[in-house]
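To start, the structure itself, in structure tokens.
The values are calculated or read from the model by the stated rules, or taken from the named source; none is laboratory data. Quantities reported herein were computed from a predicted structural model and do not represent experimental measurements. Using ideal geometry, Cβ is built from the backbone for each residue, glycine included, and neighbour counts are taken over all protein chains shown.
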Amino acid sequence: MSRLLRPALLVTAVLALLGFGITPAGAATSITVATAIGRQDGSTASVTGYVVGQPTATSTVVRSNFPNDYALALADSASQTSTSSMLYVQIPAAFRASYGLQSNPSLLGKQITVTGTLAAYFSHPGLKNATAFTGGGGTDPGPDPGDYYAGAEGKTGAALKSALHTIISSQTKLTYDQVWDALKVTDQDPNNSSNVIEIYSGRSISKTLNGGDADDWNREHVWAKSHGDFGTATGPGTDVHHLRPEDVTVNSARGNLDFDNGGTSVAQCSGCTADSDSFAPRAAVRGDVARMIFYMAVRYEGDDGFANLELNDSVSNGTAPYIGKVSVLKAWAAADPPDAFEKNRNEVIYSQFQHNRNPFIDHPEWVASIWP
Ligand SMILES: [Ca+2]
Ligand SMILES: [Ca+2]
């Protein structure tokens, strides 16, 4: 044994005798909520406690109908109802998809550990500027999104497409059955956690009305599954980056049509138009649709047992593995940049389901580099 190690072992032994927990390098020993409430001095700490609700005012913590993903309350007991025994935790943007209660209501009652600054929040003992959230189950934050695109740095055109293909092909794959449950989370109505939003029609509909009857919602393949004939086997047919809730009748009206402007209005789909060879959704999601198609063209390159999906400028692609029109989809993407619903959806897919991202939601400027 090296003599250099001996002092460290001695320190460890002394700390152990004094009752300090010894944790691996870099990890801090966590403290209780009661300790954190008594230590509001701006120091950094890891606090372990149970999620007991969302603070909305100094003495108000709600346990249902969570208004957003911005804050949660921790206590040393899962059944605590007194706000004086709670620590109010601010949730920074990077953690909202995984630890915000509106997106993750099942976190209520779960034990988690949060690392951040012990300082007042909502004029109440709190923890702010958190740098880590762990525990709670079912919410793996995955790798740091800041480094996610490191392999694409400085690249353009075909080299960028190739690098992104490699990055986004590292993913968890869902079964077609698992897609139902995923869509109930990824497409949840921000104003009603019992509902999902139908992509083309924009209607809010009960999560429980999934099925095959008229006016139920079902699993729309935005990249029509006949274009490349990939069906619903695990792969492109179960990739929730392009699978969305839609009314059964509207889904049927869209069928396998390519995307283009023009046509006449579509029943039960306000703002949508279609003709014999193309479909256009409501204006608010035309960019969303385009970015889903761009994702599919980059994700599926023919190297995993499925067709190489690509864009072209046609509206008569039939069962060929192409979707058009690329010129129209590019215009739609430019006119309808990524919105909050779409960004949240990308985060939820990344943090909770597939652990891969749609690059064109994170970097809309890459569309013109790959499809000039
Ligand atoms: Ca949009
Ligand atoms: Ca492709």
Those residues of region 256-269 which are surrounded by fewer than 22 Cβ atoms within 10 Å (Cβ to Cβ) and within 27 Å of the chain's Cα centre (by Cα) amount to N256
Flag for A280 being away from ligand 2 (no atom under 11 Å from the Cβ) and either among the hydrophobic types (A, V, I, L, M, F, W, C) or under 22 Å from W366 (Cα atoms) (or both): yes
With the first residue restricted to region 282-301 and required to be within 11 Å of ligand 1 (Cβ to nearest atom), and the second required to be of a type in the set (V, I, T) and part of a helix (DSSP H, G or I), Cβ contacts under 9 Å at 6 or more apart or on different chains are R286/V328; D288/I361; A290/V328; A290/V367; R291/I361; R291/V367
Flagged in region 344-372 as farther than 14 Å from A333 by Cβ and of a type in the set (S, T, Y), in numbering order, are Y350, S351
ask   = Of the residues that make up region 226-249, is at least one modelled with pLDDT under 95, surrounded by fewer than 20 Cβ atoms within 10 Å (Cβ to Cβ) and not aliphatic (A, V, I, L, M)?
value = no
A320: passes all of (1) buried (at least 23 other Cβ atoms within 10 Å of the Cβ); (2) within 16 Å of ligand 2 (Cβ to nearest atom); (3) of a type outside the set (D, E, K, R) but (1)
Expected output for region 350-371 (first residue on the phi > 0 side of the Ramachandran plot and assigned by TED's automatic domain parsing to the domain that holds G151, partner outside any helix (DSSP H, G or I) and surrounded by fewer than 22 Cβ atoms within 10 Å (Cβ to Cβ), Cβ below 9 Å, 6+ apart or cross-chain) is H355/D140; H355/G142; H355/P143; H355/S170; H355/Q171; H355/T172
Within region 294-310, the residues that are surrounded by fewer than 17 Cβ atoms within 10 Å (Cβ to Cβ) and within 6 Å of ligand 2 (Cβ to nearest atom) are N308
Here the qualifying pairs (Cβ atoms under 9 Å; residues six or more apart or on different chains; first in region 156-171 and on the phi > 0 side of the Ramachandran plot; second of a type in the set (V, I, T)) come out as G157/I370
